[in-house]
Every structure is written in C-alpha cells, then in structure tokens.
2 protein chains.
Amino acid sequence: MQRALSVTRADNFPEWYQAVVRDADMAETSAVRGCMVIKPWGYGIWELMQQDLDRRIKNTGHDNCYFPLFIPLSFIAKESGHVEGFAKEMAVVTHHRLKMINGKLQPDPEAELEEPLIVRPTSETIIGDAFSRWIRSYRDLPLLVNQWANVVRWEMRTRLFLRTAEFLWQEGHTAHSDAADAMSETRKMLEVYRTFSETVLAMPVVTGEKPENERFPGAVNTFSIEAMMQDGKALQAGTSHYLGQGFAHAQNIRFQTDQGDWAFCHTTSWGVSTRLIGGVIMTHGDDDGLRLPPAIAPRQIVIVPMLRDKPEDAEVLAYANALAADLNDLTALKHPVRAYVDAKPIKSAEKRWNWVRKGAPVIVEIGPRDAAGDQVTFIRRDALRDGDKVSMQGVDRSKFILKAPALLTEIQQALFDEAKARLDANIIDGVTEFAGVESYFGAAAADDDEAGAAFKGWLRVAWSRPTGEALEAVIEKLKRLKLTIRNAPLDQPAGTLAPCLFTGAPSVETILLARSY
Amino acid sequence: MQRALSVTRADNFPEWYQAVVRDADMAETSAVRGCMVIKPWGYGIWELMQQDLDRRIKNTGHDNCYFPLFIPLSFIAKESGHVEGFAKEMAVVTHHRLKMINGKLQPDPEAELEEPLIVRPTSETIIGDAFSRWIRSYRDLPLLVNQWANVVRWEMRTRLFLRTAEFLWQEGHTAHSDAADAMSETRKMLEVYRTFSETVLAMPVVTGEKPENERFPGAVNTFSIEAMMQDGKALQAGTSHYLGQGFAHAQNIRFQTDQGDWAFCHTTSWGVSTRLIGGVIMTHGDDDGLRLPPAIAPRQIVIVPMLRDKPEDAEVLAYANALAADLNDLTALKHPVRAYVDAKPIKSAEKRWNWVRKGAPVIVEIGPRDAAGDQVTFIRRDALRDGDKVSMQGVDRSKFILKAPALLTEIQQALFDEAKARLDANIIDGVTEFAGVESYFGAAAADDDEAGAAFKGWLRVAWSRPTGEALEAVIEKLKRLKLTIRNAPLDQPAGTLAPCLFTGAPSVETILLARSY
C-alpha cells in the first residue's frame, strides 16, 4: 500500500517521527546547535495549546508575569540541590560586547561581566528573589504566578520538540503559608495538566509521584503525567513539584503569620513545554503523517477546491469560499470553527496529501459536480483508509454544515479513545519477580539502534519504596534493561500487594516500569 | 489638593513616571542589571496589546513562527551595517557549563564554545538563514512571518518599559520578489502600527520616514510612528524597515523567477515592544496615576463593595457579584466586558485609590444603600475630579448596565481626543531660521536634570535632506540643543516650503524636531 510518508512506525519509529515533523512542516533544526525553528504549523498548534492551558491556569487563580531571562550565577549557587541538577548544562553569558580584534569579531575582553549570568534553565531562583520582596504577611499568601517563556538547557543529544537546548514552556510558581496548602496546589495543577492533556490533546496520561531519584533538583515531591507513545515508551509530559521550604530558606521567602511571628513559605512549581507537541505526534500520528485532535488543529476543516484552469473554476472556488464562511460561523469544542480554503495554484491531489500529512482533522474536496449538486465530499483524517483506499464520504452541503461541530467533537473523542485503549491494554500487571521483568523486556537493544524495536508496554509492579543506596541498586538494575521508574500512580489498585519486586520486603505501592523518552 | 501620587508631572516628570509604574504595581527592577520584572497588572496590559496586534498581523497574511534565541557570532558578522549598529551592546554566551572550582561555581574552562553565541538583539540574521532554505521559487514569495519573543540589548542607562536590557516584542520579517512589493509591505505594517496605536492604545502618532542617521543598521529606509508624551518629548513607538537586498545578499536569500533565472529577495522587518506600555503611561497618566484606555485595561470596570464586617456585607457582596456577572455578559469594543469585584479584606477607600492609581477605566462603589436601592455609584477614571473633589455619579443599576458598553467606548475615545488635541496643538510651524529653534527650545537642560523642565512641543521645519557629512553637521547642531529629527511625516503640508532651515538650499520636505526618549 502506498503511504504518505516514506517510513512506517513499525519499520523505524525514530525515523518515522522525524518524517512526520518534516513532512507536516512543523519544525526544523537550526544553525544553532540543539535549537529548533518552529514553523507556522507547529507554532499554530502551540498557540492553541497555550490559549487553552492559559485559561485553565488563570481560572485556578494564577496571574501571568514576566521575569528576567538571565539569572546571576550567585542565585543558582544558593540552593545546593538545584546546583547539582542544573549546573551541568547551562548557557553562560560572560561578556556584554563584541569587538573587532585583528580583523575578527570577538567578545571584547574589556567587557567581561563581573558576575557571569546564566540563561534561565528554569526560574525558581529569580522568581524566588521577587517573592522575597513581594511577600510580607500571611495576607499576601497564597501568591500564585505563572510565566510563558523560553528556557535553555544545554543538551547533548537533541530531538525536535522532545529535547532541545532552547524550548518554550509555562512555569507556575507559588508560595503558601503551610505545607498542606502548597501540596494541595501541587496536586491541583497536576490535575489541570491531566485534564488539559486528555481533553485538549486527546492524550491519556497516568498521574503519579516520581521516585526520589527522579525529583526536580531541590524538590521534596515531584509528580508527573506520563503518556504512552505508540512505540510503547513513556513520555513525561508535565511535572508539578512541591518544593517544601528549601527554596524559601535559600532566598529568604518569609511572611509574618497572623500571630505576628515570622515563618518561611512553602513553595511549588509546575510546567509543561513544547515537548507536548512531540507527545501529540507520537500518540496520534500514523503512517500517513500527523493526526491532530481538532481542539489543537490550526485548521480543522480544510477545503480543497479542485481547480483545473477551466471556466468552471470560479464557481468551484466561490462554492468553497461560501462553505468555509458558513463553517466559520459555527462553534465546535467551545470555539469558532477553523475552516480554510486552500486555493494555492498546485494540483489538488498534492494539496490533499499535504493536509493528510499535516493532520487536518477533516479534508473536504470540492469539484464542479459537488458545486453543481450542493454536495460535500470529505475525508476524516482519523479514519483515512478503508483497507488500502482513502475513505471518502459524500453528503448534502446543508447536512455537512449541520453536523460539522458534532463531527469535530467525534474526531476529538475517537482519537482519545484509541489512545486510551492502547494505554489501558498495555499496562501489564502480574509480574512479581525481576526475572519476569527481564523476560518481558528482553535484552536491551544496542545503543542508538532503536529501529524496529518491538513494542513493549509498561509493567505495573509492587515495591517497598527503597531509598538511598537501596534505591540506587534498583535503578542500576533497571538501567541494564534500559528501564526507568515512571511514577507511582495516584490511582493505586485495591487489595493486597505482592512483596517488593526488588527487595522482597512488604510493598507500599505499585510503580510503572517503562522505557522512556 | 491631595493627589494619589507623591509627585506630579509638573514637579518632576521622570520621577512621576517611576511613581506611576511603582504605584500601579506594573513592573520593578530586578537583581539582573537592566532587566525588569513585569508584574501582573503590567503583563495583563501587554497580553491585551498582544492579542489585538497579533490579530492584525495575522489578518494581513503573516504566520507566527519561533526562531532560536541564540545567533552564531558569524551570522552577526555577515552584514556589515548590522555589526556596526549592534556589536556594542550584546550579551555573549561563551560557555555551556558551570563547575565548582576551588569552592566557587564558575564557567567550566573545558566547556568553552567553539564559536560564541549572541543572545538575539533582533533576528534578521537568524531568520534570514531560515529564509535562505525556505525560499526556492517566486511561488514561495512573498514569505510573511512574525514572532513574539524576548530580545536583549545591553543598555547602560535603563528605565522600566522604555529602555531595558531585555524586552518583549514582536518582530515581523518578510521576503519579496521586488522592491515595490517589499516597500508596500513596509508601509502597510507601518499603517497597522498607526491604527493599532490610535484605536487600541488611544495614542495618536505621526507616521514618517527616519533620516538616514536614524535608520535601522543595514536598512535602506526606516519608517516610524512617533508619539508625543506629556512632557513634550517624542517616543518612537514602532518602526518598519525596508531592508533592500542587503540582508538577502549577506545570507543568500535567492529565488528562481518565473523566467527561470535567479534573483535576490527584497526583505523587510518591523517591530513594536513593551516600550509601548511606557508610551501609554506618559500619554494618558495624570497626577493620580495611570489612566488606561479600556481596550487594554485588564479590568475595565472594578466594583468595590464597601464591606464593614457587618451583617449587611453579605447583601452588598452578592449585589456586587451579580452586577459583575451581568456586565461580563456584555460586549464592548468588540470583546466581552472585563468587570471584577475587589473583595479583598482591606478598607474600601484604600481599594478605590489603588484602582485609581492602576487606571481602571470605571470604578464602581457599592454600599448598603446602593444595594437596597438598586443603584450604582461610579467614578470615570478619565474624568476623576470635579475641581478638587472626586466626581461620583449615581444611576439606576439597569441603566448602568445598559450604558456600560457605550461608557467604555466613550472613555476610549475621550482619552484619544485629549492626546490628539495635545499632539496637534504642539506641532509648531513657522520656524524658518535655526535661531528660531534655539529660542524655542532655549538652552539645553543640564545632563541628568530633567526635573521641572518646561514643556516643549515639536517643531515642523523644512529641509533639503542633506546627507553624509552635511547631515552629520545638522545632527551635531541639533544635539547641542538635545534635539533629534524624529521623522519626515508621510503627511506633508501642501504648498511651497521655506528654504532649508540648515542649509538655505531648496527644501524637499518637512521634518519634526523634538527632544525624545
């Protein structure tokens, strides 16, 4: 069967991923190591994600602010856990001027900064500095802010959207008078992420707590949403951290209680990034390219007029434009429908396949016969094929318009259901010995050779939650199988747990083991 | 008379500006030299500006993208005019890791970059690099993109919003097949800026072309919108550049024409920034603080319930909430009305003055008598005082709701009219000798002492448009009076011009002379 991409998921999942990004014209690598250029289709998806999530963040009481891109080196040094976690991969600004020296433009030695500046890898320290000024009294709490920003982490191996040196994200930062309130915020925002991911991205996730070795540098607890990609790997799609009083101590974020004494705040932070776009691709894409949930499709219904440089073209185009205008007056998924006429002077078959690869949820093709007969012929991108053939449907124009909002809602739901069924079917219980883990995952694939790796789901196993060296031994053992602990799901099974898979001690919870991005 | 700010415009305009920014809680300086923290009220204004301008940019056919924060040093070096203009003030990244050496965290000498990276001061070069890959044929033109981003220019003397090392902006970048199309784009976006500034910010501007010494580094023509602040100074509020083929040559942005041969593109760029917020403050603010045009007021109608810890509080609060709900169902200035109940547990007088300083367009005060009598008592921020007293109006609740959209539209217009009258009255014609310039502006104020400087408008004078050294002599002469040429207005007077004010040669156009930010 002829596919719209040159490589299939089964043949080579990593190459398939790159092909989708490239052929859907979403992003590309740039001349700057590890930094990407996000192209209009990719950025349009991000804008829709932003708009929806921003509303959810504001509805839960948070205000948007903007904090400096640069962080003084001394700030980073203040929180020791934070230093350990981030010091290895940061862009450091050391000069503030260039100069032509011996015919070569270079940093001016006379313009060296007294204190180097770090390009923010995350903003706990610079925002904490502001919090220490803004918070005086219990009346100022909780303090709930968010920012949309670019951050930089110097990554050695990068992949578009999934891991790039610079990426775009939102980071929420809050301060509270006590641990309970801060923890409640941490969990509330995790739930915002879950709802957003499932209803807007149609990407089902498992919410849970990360093991101590996977915590955010400086955090007391880190929670995540984990999504299952179509190669079975887990993608950490968002995190929410309870930071305890560590950052508050490091930056003197204190308040006067209603009793008149002084106390340190409890803080949280939480973020999601352009990585989510990678998650959407690997959750919904197929061998013909991207499939976009209508909620984040920059164009939901693309109308391709079949123009042939003939007199009837004018009528076809007029019909297409009128159809788009009528559709754009409708509301679907709580927003105005986004219909679009692609009148570019290229062959209509080429246009169709471009939009298939881009993942437009509905593609309408209008020929002279449709125009004359008040008909609409359309393709549902989520159900593109009937066997090998492209599945086209013809309906009356008026009926199509009447049903368009329901159609988009149905596609949104169908994509979720498909992904949810895959997730549920591939979380595997019942393994109680480490040998069972080894036999399920088999020997680790050789490095850098992920082509054709067999699909493996996640194992849900019971453990005693070892810490320190005992945990390190567990991590090491898993690493040999290229496995990581994703999280301990918030939703735990009822009943008695098997003994710890690793230590044989009584178990306290189940955790998910998986290969991951 | 008691004022809500501690300093008046007349006493000390620069200090007044700082007081407005501080007391309206819009922004503050940060621990990082020259970088600001934009607080919720300031950022909320920026978000509304963004939303509106973004729509205008998209409606004129531009797509949003995102390009890397970092620019390889070699890119900057390619366009010689560009180097000259920007090399003096850029943040330079030289290392990608920190290391603890002798107990001190510092840039790791082993992690020095082979080629330093510049934090973008503007993105012509990095976007040009992408354009050189994206453009192949005349069919790819025009290529019209925009990005919303942070940029960094190392500034020695900074002022919140007006001049900061890091600022937020949008930068449009386009490529065209010929000069006429590129110039038409340049002028079209200038007009978008003018309309946006006048209708959304209620800030009247003069559109015109900058003299050659004020052109963007590397540009062939630079156009600007210039606004008059309440101290008479000009603020360059947005620029649009025709870049000719210079950047296209430097970065090999070429296309195959419909004749099959190769040609270099003509490019443009245009931008506005968070500086506009400074312009809004200095255009509309008064001695009681900020006055916001409703189109960019994060809260347009603020309802202050007068709570006194008494049983009737519940009724007052319920009445206030119901009023806000009814108002939020309305549409004004093409968007849902933004009404808000300020129920914070502080004195209502304090709340009133907070909102006066923040510039909320309408402030409603609800006491038990209003609630019982179905009344609304309100203040129009644009007409706060009647003599020394605050001017309050009482109306029936139903009438207030009915008139609210018209009230907001009226305030938007009133602020524009006031600023427009000031601009028109203070562009002064008739000076034809340099002595007239000297006598109008008087001796230059001593450096750093702008306190109490007398209001001076702009002079519109005729000139012969000298270039090169002759122009430099003019600039030098003006500099002694602290004057600059703002632009040569697109809208030129009819009739014969006086001889050139500077050279006595026949004039070709009029220009505006002013002190400026």
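The values are calculated or read from the model by the stated rules, or taken from the named source; none is laboratory data. A quick note: this is a predicted structure, and the numbers were derived from the prediction, not measured. Because the Cβ atoms are built from the backbone with ideal geometry, glycine has one as well, and the counts that use them run over all protein chains shown. These area figures cover heavy atoms from the full protein model, side chains too; ligands, DNA and RNA do not enter into them. Shrake-Rupley method; radii C 1.70, N 1.55, O 1.52, S 1.80 Å.
Numbers below:
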read-out	value
Any pair with Cβ under 9 angstrom, 6 or more apart, that starts in region B:243-262 at a residue that is surrounded by fewer than 14 Cβ atoms within 10 Å (Cβ to Cβ) and ends at one that is charged (D, E, K, R)	B:258/B:139; B:262/B:254
Residue within region A:407-417 that is more than 20 Å from residue A:330 (Cβ to Cβ), open to solvent by 30 Å² or more (accessible area, probe 1.4 Å) and outside any helix (DSSP H, G or I) present	no
Leading residue by the ranking (nearest to residue B:405 (Cα to Cα)) among those in region B:319-350 that are without any contact (Cβ under 8 Å) to a residue 40 or more places away in the chain and part of a helix (DSSP H, G or I)	B:328
Output for region A:76-91, where each listed residue is open to solvent by 10 Å² or more (accessible area, probe 1.4 Å), within 30 Å of residue B:26 (Cα to Cα) and facing chain B (nearest Cβ under 7 Å)	A:77
Conditions (1) free of Cβ contacts under 8 Å to residues at least 12 places away in the same chain; (2) under 23 Å from residue B:297 (Cα atoms); (3) more than 8 Å from chain A (Cβ to nearest Cβ); number of the one not met by residue B:103	(2)
Any hit, region B:187-207, residues being open to solvent by 10 Å² or more (accessible area, probe 1.4 Å), among the charged types (D, E, K, R), in contact with a Phe, Trp or Tyr (Cβ under 8 Å, 6 or more places away or on another chain) and part of a strand (DSSP E or B)	no
Number of the exception - residue A:435 against (1) among the hydrophobic types (A, V, I, L, M, F, W, C); (2) assigned to a loop (DSSP other than H, G, I, E, B); (3) surrounded by fewer than 13 Cβ atoms within 10 Å (Cβ to Cβ)	(2)
Matching entry among A:308, A:299 (being touching a residue at least 24 places away in the same chain (Cβ under 8 Å), open to solvent by 40 Å² or more (accessible area, probe 1.4 Å) and part of a loop (DSSP other than H, G, I, E, B))	A:299
Residue that is surrounded by the fewest Cβ atoms within 10 Å (Cβ to Cβ), among those in region B:166-180 that are of a type in the set (Gly, Ala, Ser) and closer than 17 Å to residue B:123 by Cβ	B:172
Checklist (1) open to solvent by 30 Å² or more (accessible area, probe 1.4 Å); (2) closer than 28 Å to residue A:356 by Cα; (3) of a type in the set (A, V, I, L, M, F, W, C) applied to residue A:280, failing item	(1)
Residue, surrounded by the most Cβ atoms within 10 Å (Cβ to Cβ), within region B:11-68, restricted to residues that are small (Gly, Ala, Ser) and part of a helix (DSSP H, G or I)	B:42
Residue check for residue B:155: more than 9 Å from chain A (Cβ to nearest Cβ), surrounded by fewer than 22 Cβ atoms within 10 Å (Cβ to Cβ) and under 29 Å from residue B:276 (Cα atoms)	yes
Restricting region B:92-135 to residues that are open to solvent by 30 Å² or more (accessible area, probe 1.4 Å), more than 30 Å from residue B:266 (Cα to Cα) and not in a strand (DSSP E or B), the residue that is modelled with the lowest pLDDT	B:103
Tally, over region B:378-406, of residues that are part of a strand (DSSP E or B), of a type in the set (Asp, Glu) and closer than 23 Å to residue B:323 by Cα	1
Residue among A:231, A:288 that alone is acidic (Asp, Glu) and either within 21 Å of residue A:135 (Cβ to Cβ) or open to solvent by 10 Å² or more (accessible area, probe 1.4 Å) (or both)	A:231
Options B:459, B:497, B:471: the member that is assigned to a loop (DSSP other than H, G, I, E, B) and in contact (Cβ under 8 Å) with a residue 24 or more places away in the chain	B:497
Failed condition for residue A:330, given (1) in contact with a helix residue (DSSP H, G or I) (Cβ under 6 Å, 6 or more places away or on another chain); (2) open to solvent by less than 40 Å² (accessible area, probe 1.4 Å)	(2)
Residue check for residue B:381: closer than 18 Å to residue B:20 by Cβ, buried (at least 20 other Cβ atoms within 10 Å of the Cβ) and modelled with pLDDT of 95 or more	yes
Residues within region B:351-377 that are touching a residue at least 24 places away in the same chain (Cβ under 8 Å) and outside any helix (DSSP H, G or I), tallied	11
Filtered residues of region A:136-149 (kept if within 11 Å of chain B (Cβ to nearest Cβ), under 15 Å from residue A:257 (Cα atoms) and either assigned to a strand (DSSP E or B) or within 24 Å of the chain's Cα centre (by Cα) (or both))	A:143
Residue in region B:478-485 that is surrounded by 14 or more Cβ atoms within 10 Å (Cβ to Cβ), part of a helix (DSSP H, G or I) and touching a Leu at 6+ places or on another chain (Cβ under 9 Å) present	yes
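For (1) aliphatic (A, V, I, L, M); (2) away from chain B (no Cβ under 14 Å); (3) in contact (Cβ under 8 Å) with a residue 12 or more places away in the chain; (4) closer than 30 Å to residue B:106 by Cα, each residue gets a yes or a no:
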site	(1), (2), (3), (4)
A:7	yes, yes, yes, no
A:12	no, yes, yes, no
A:49	yes, no, yes, no
A:61	no, no, yes, no
A:72	no, no, yes, yes
